[in-house]
Amino acid sequence: MTDDGLIRCSWAMGRPGPDFDLYRDYHDVEWGRPLHGRVALFERMSLEAFQSGLSWWTILRKRENFRRAFSGFDIAKVARYTDADVQRLLADVGIVRNRAKIEATIANARAVADLDSSEDLSDLLWSFAPPTRPRPADGSEIPSATAESKAMAQELKRRGFRFVGPTTAYALMQATGMVDDHVRDCWVPSPR
């Protein structure tokens, strides 16, 4: 329980302060809520890739910088980025300056842009959402990857996406409400 009396998932608990408030608000308002739409999902996919090996706090604190640096995650614009843009991004202290992750974001924008006109990124990603299951009792019941996230990662890689392994794919599924991994006692209502 926190200072507002609400029970939350253990990862969203902490001492009040600007960083905690940012993390708590992300938990309360965004994480695990169904998210659809090409740009919104491309942004979340990109941020999950940048988070790989780092703290989510780091990504949340830099989120607005990422949006600015990557043209609001406008897929067509990012898909046209050149080597000069890679150099610009590598020099941007406001984001995570990792060449492989920057280049993966650009490659992923190109992969989204290359999707067949009858297929949307939202439909593709959500096609891997598993059936609804009971919420976990605690964090020990939450997997780092599932059969669905492995299948998603495999299909995305087949289509040219990068930095989308099974664990990152599962984190994306959690963040966008494809799975509900809020713990049973968490106050956040079940999204599905």
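The values are calculated or read from the model by the stated rules, or taken from the named source; none is laboratory data. Remember, predicted model here, so these are calculated numbers, not experimental data. Here the Cβ is made from the backbone with ideal geometry for all residues, glycine too, and neighbour counts use every protein chain on show. When the accessible area is computed, the model is the full protein with side chains, heavy atoms only, and any ligands, DNA or RNA have been set aside. Shrake-Rupley method; radii C 1.70, N 1.55, O 1.52, S 1.80 Å.
Restricted to helices (runs of 4 or more DSSP H) entirely inside the stretch 78-136, no element has at least 2 residues that are hydroxyl-bearing (Ser, Thr, Tyr) and farther than 22 Å from Arg33 by Cα. Among residues that are open to solvent by 30 Å² or more (accessible area, probe 1.4 Å), in contact with a helix residue (DSSP H, G or I) (Cβ under 8 Å, 6 or more places away or on another chain), not in a helix (DSSP H, G or I) and not β-branched (Val, Ile, Thr), Gly160 is included.
All conditions but one from (1) in contact with a helix residue (DSSP H, G or I) (Cβ under 7 Å, 6 or more places away or on another chain); (2) under 19 Å from Ala169 (Cβ atoms); (3) not in a helix (DSSP H, G or I) apply to Leu54; the one that does not is (1). Pick from the stretch 22-39 the residues that are touching a residue at least 40 places away in the same chain (Cβ under 8 Å) and part of a helix (DSSP H, G or I): which of them is farthest from Asn98 (Cα to Cα)? Among them, the one singled out is Asp28.
The residue that is farthest from Arg44 (Cα to Cα), counting only those in the stretch 70-84 that are in contact with a helix residue (DSSP H, G or I) (Cβ under 6 Å, 6 or more places away or on another chain) and either open to solvent by less than 20 Å² (accessible area, probe 1.4 Å) or not charged (D, E, K, R) (or both), is Tyr81.
Residue by residue, here is whether (1) open to solvent by less than 30 Å² (accessible area, probe 1.4 Å); (2) over 24 Å from Ser144 (Cβ atoms); (3) within 20 Å of the chain's Cα centre (by Cα); (4) of a type in the set (A, V, I, L, M, F, W, C) holds:
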residue: Asp4; (1), (2), (3), (4): no, yes, no, no
residue: Arg8; (1), (2), (3), (4): yes, no, yes, no
residue: Phe42; (1), (2), (3), (4): yes, no, yes, yes
residue: Leu47; (1), (2), (3), (4): yes, no, yes, yes
residue: Trp57; (1), (2), (3), (4): no, no, yes, yes
residue: Val86; (1), (2), (3), (4): yes, yes, no, yes
residue: Leu90; (1), (2), (3), (4): no, yes, no, yes
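Scanning the stretch 123-157 for residues that are within 28 Å of Arg8 (Cβ to Cβ), hydroxyl-bearing (Ser, Thr, Tyr) and either in contact with a His (Cβ under 6 Å, 6 or more places away or on another chain) or open to solvent by 60 Å² or more (accessible area, probe 1.4 Å) (or both) returns Thr132, Ser140, Ser144. Quick one: would you say Glu119 is at pLDDT below 95 and open to solvent by 50 Å² or more (accessible area, probe 1.4 Å)? For Glu119, the condition - at pLDDT below 95 and open to solvent by 50 Å² or more (accessible area, probe 1.4 Å) - is met. Answer yes or no as to whether Arg61 is under 19 Å from the mean Cα position of the chain (by Cα), open to solvent by 50 Å² or more (accessible area, probe 1.4 Å) and touching a residue at least 40 places away in the same chain (Cβ under 8 Å). Criteria met by Arg61. Per this entry, Arg67 is not counted among residues that are loosely packed, with under 14 Cβ neighbours inside 10 Å, modelled with pLDDT of 95 or more, assigned to a helix (DSSP H, G or I) and not small (Gly, Ala, Ser).
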